[in-house]
Amino acid sequence: METFVPLVLNALTLISILMIVGLGLAIIFGLMNVINLAHGEFVTIGAFTLSFVQAMGGNYWMALLLAPFVGAAVGFALERLIVQHLYTRPMDTILATWGVSLMIQQTLQIVFGSGPQQASGPIEGSVEFLGASYPAYRLLLISFAAAIIAAIVFVFRKTRFGLDLRAVIQDRDMAEAQGINTHRIYTIAFCGGAGIAALAGVLIAPLTKVIALMGANYLAPSFFVVIVGGAGSIAGVAAGSAVVGGLETLLNYQVPVTVSQALVLVAAVVIVRFKPRGLVPA
């Protein structure tokens, strides 16, 4: 039990992180068919927001509230200035967002330096959970992730915007015929996806090294989550996160990290081979 409980909780921690990061990407990719290679940088923006707020004397909770707005503002600028002009040119979108990711990385290094930034969580220490000692902040992160996912599910299922969003994902032309402003939906969804990624950055920051290049560590896994689970589906993101996060955590106990990541990639390729639309398609 002393080994099993930490293993399960470590898996839940990674799954929670992947779900939040992957959810914003799933909305953007599933709705717009835009491969946003700058998505990882929104995670970085959230982490740097926490570091900056704490350096200025603020606390974790202030950064947690502020980061989604910072991410959404940067996402709005990216969508208005670049992405909206490239919706019908997917290859150009890939190149453009990749260029934006490099610009954000270099800007953060110029402003904050290339060294690691300081970021801390709201609680420290460990607690006893099911007979095992486990870091309190990781349990808090799992709880936060569950609350965030529940809120997003509510928006998807119970609001007019969620209904319009699902309609556009399923059939854009029919949605436009019904009078839905798809350009407005695109903009809100892109900003929302960026804000969710920035929120994930705040949650991740106390657990990792906060540097300008950290977003690259979450870009590929989040794409695995979306492709394996199914683009545009919250249930798909949950399924993809469980497969990728659970498998990687289990393998990390048996083989080196680089080998486990390679095996997860192989597993993702096999799943997509037999389920090309993902485990839970929209």
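The values are calculated or read from the model by the stated rules, or taken from the named source; none is laboratory data. As the structure is a prediction and not an experimental result, all values here were calculated from the model. No Cβ is skipped: glycine too gets one built from the backbone with ideal geometry, and neighbour counts run over all protein chains shown.
Any idea which of (1) exposed (fewer than 15 other Cβ atoms within 10 Å of the Cβ); (2) more than 27 Å from MET32 (Cβ to Cβ) is the one SER260 doesn't satisfy?
(1)
Which one is modelled with the lowest pLDDT, of the residues in region 21-70 that are over 12 Å from GLY201 (Cα atoms) and of a type in the set (S, T, N, Q)?
ASN33
Quick check on region 57-85: of everything there that is in a helix (DSSP H, G or I) and not hydrophobic (A, V, I, L, M, F, W, C), which residue is nearest to ASN33 (Cα to Cα)?
From region 57-85, those in a helix (DSSP H, G or I) are 60-81, 83-85; that's our starting set.
Keeping just the survivors that are not hydrophobic (A, V, I, L, M, F, W, C) gives 60, 68, 71, 75, 79-80, 84-85.
Values: TYR60: 34, PRO68: 23, GLY71: 20, GLY75: 16, GLU79: 14, ARG80: 16, GLN84: 12, HIS85: 14 Å.
Once the filter is applied, the top-ranked residue is GLN84.
It is to be established whether one or more residues within region 194-215 are among the hydroxyl-bearing types (Ser, Thr, Tyr) and part of a helix (DSSP H, G or I).
Here is the first cut: in region 194-215, the ones among the hydroxyl-bearing types (Ser, Thr, Tyr) are 208.
Pick out the ones that are also part of a helix (DSSP H, G or I) and you get none.
The answer is no; no qualifying residue exists.
Which one is surrounded by the fewest Cβ atoms within 10 Å (Cβ to Cβ) among residues in region 1-56 that are under 16 Å from the mean Cα position of the chain (by Cα) and not in a helix (DSSP H, G or I)?
Here the residue is ILE35.
Being touching a residue at least 12 places away in the same chain (Cβ under 8 Å) and surrounded by 19 or more Cβ atoms within 10 Å (Cβ to Cβ) narrows it down to one residue among VAL280, VAL237; which is it? I'd like the intermediate steps shown before the answer.
Values: VAL280 fails: surrounded by 19 or more Cβ atoms within 10 Å (Cβ to Cβ).
Selected residue: VAL237, the only one of VAL280, VAL237 that is touching a residue at least 12 places away in the same chain (Cβ under 8 Å) and surrounded by 19 or more Cβ atoms within 10 Å (Cβ to Cβ).
Six or more apart or on different chains, Cβ atoms under 8 Å: show the pairs whose first residue is in region 124-136 and of a type in the set (A, V, I, L, M) and whose second is assigned to a loop (DSSP other than H, G, I, E, B).
Note: pairs meeting the criteria are LEU130/MET1; ALA132/MET1; ALA132/GLU2; ALA136/ILE123; ALA136/GLU124; ALA136/GLY125.
Residue by residue through region 140-184, note down the ones that are in contact with an Asp or Glu (Cβ under 6 Å, 6 or more places away or on another chain) and in a helix (DSSP H, G or I). Full working, then the answer.
Within region 140-184, the first condition is being in contact with an Asp or Glu (Cβ under 6 Å, 6 or more places away or on another chain), and the residues that meet it are 180, 182.
Of everything in region 140-184, just one residue is in contact with an Asp or Glu (Cβ under 6 Å, 6 or more places away or on another chain) and in a helix (DSSP H, G or I), namely THR182.
Hey, could you check region 106-126 for residues that are hydroxyl-bearing (Ser, Thr, Tyr) and over 11 Å from VAL210 (Cα atoms) and say which is nearest to the chain's Cα centre (by Cα)?
THR107
Which pairs do you get when a residue that is over 14 Å from TYR186 (Cα atoms) and free of Cβ contacts under 8 Å to residues at least 60 places away in the same chain, found in region 67-95, comes within reach of a residue that is polar (S, T, N, Q) and not in a helix (DSSP H, G or I), reach meaning Cβ atoms under 8 angstrom, with the pair 6+ apart or on two chains?
Within 8 Å, the pairs are PRO90/ASN33; THR93/ASN36.
Mind listing whichever residues of region 261-282 are within 21 Å of the chain's Cα centre (by Cα) and assigned to a loop (DSSP other than H, G, I, E, B)?
The answer is ARG277, GLY278, LEU279, VAL280, PRO281, ALA282.
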